[in-house]
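Colleague: Structure provided below as structure tokens; questions to follow.
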Amino acid sequence: MTAQDALVRALVDQHVRIRELTRGLVRAGPDARPDALDRLVRLVAVHCAAERVALAPPGEPPPENSPVDRDLVTALEGLDDVGAERPSSTVHVGLVAAALVRHAAAGERDTVPRFVATHDQFDIRWAATALEAVDALVADDGPTAAVPVEAGFRHQLRAAQDAVTEALRHG
């Protein structure tokens with residue numbers, strides 16, 4: 001498998017998992033919704049951090065967050081603030097789902113192809129490794145010490161960036 005294939009596969013696989021967790025959140029009853037939200041938020045936090053690290057190979061500054069990614073962060077923060085157990089969270093779940101669709105489309109259609117076109121095989125392999133690190137940092141059945149679920153989305157995003165960077169340094 002080429003470095004480009006590994007990168008695209010890691011990205012698409014994570015977007016599929018995120019869509020599955022989003023569908024689970026939408027279908028979850030009131031009692032199950034907080035746990036479904038926790039799983040989704042953790043995966044998205046680590047995924048976004050891994051993308052940010054992946055698209056900044058060693059020696060390059062991390063890219064600015066795109067408007068699509070800023071919308072995703074805002075939607076998740078809004079849902080996190082409201083809380084999944086409230087009836088009004090349904091609107092926020094819809095906003096998160098829409099933002100996730102835009103994020104996945106932008107990454108697969110624009111961001112990764114542009115990255116592949118402008119970087120060498122070493123950088124592309126680095127990016128694939130960064131995205132693959134997500135699997136070790138996120139367990140669908142609960143939080144890890146590196147990215148605690150109790151911290152809320154804002155803090156999880158920062159913790160996830162540190163955890164991904166650390167995993168690449170020592171992995």
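Colleague: Output the residues belonging to segment 83-118 that are under 17 Å from residue 39 (Cα atoms), buried (at least 19 other Cβ atoms within 10 Å of the Cβ) and not hydrophobic (A, V, I, L, M, F, W, C).
Modeller: 89, 92
Colleague: Taking residue 80, is it at pLDDT below 85, part of a helix (DSSP H, G or I), acidic (Asp, Glu) and surrounded by 14 or more Cβ atoms within 10 Å (Cβ to Cβ)?
Modeller: So residue 80 passes the test.
Colleague: Looking only at segment 151-170, decide whether some residue is of a type in the set (Gly, Ala, Ser), farther than 25 Å from residue 36 by Cα and at pLDDT below 85.
Modeller: Within segment 151-170, one or more residues are of a type in the set (Gly, Ala, Ser), farther than 25 Å from residue 36 by Cα and at pLDDT below 85.
Colleague: Which ones in segment 1-18 are surrounded by 14 or more Cβ atoms within 10 Å (Cβ to Cβ), over 11 Å from the mean Cα position of the chain (by Cα) and either modelled with pLDDT under 90 or not β-branched (Val, Ile, Thr) (or both)?
Modeller: Listed by number, the residues that qualify are 3, 4, 6, 7, 9, 10, 13.
Colleague: Is at least one residue of segment 45-58 surrounded by fewer than 21 Cβ atoms within 10 Å (Cβ to Cβ) and of a type in the set (Asp, Glu)?
Modeller: Taking every residue of segment 45-58 in turn, none turns out to be surrounded by fewer than 21 Cβ atoms within 10 Å (Cβ to Cβ) and of a type in the set (Asp, Glu).
Colleague: So residue 71 fits all but one of (1) modelled with pLDDT of 90 or more; (2) of a type in the set (D, E, K, R); (3) outside any helix (DSSP H, G or I); what number is the exception?
Modeller: Looking at each condition in turn, residue 71 falls short on (3).
Colleague: Mind checking which pairs have a first residue in segment 29-40 that is closer than 13 Å to residue 86 by Cβ and a second that is charged (D, E, K, R) and in a helix (DSSP H, G or I), Cβ under 8 Å, 6 or more apart or different chains?
Modeller: So the pair list comes out as 37/80.
The values are calculated or read from the model by the stated rules, or taken from the named source; none is laboratory data. Just so it is clear, the structure is predicted and the values come from calculations on it, not from any experiment. Note: ideal-geometry Cβ built from the backbone for every residue, glycine included; neighbour counts use all protein chains shown.
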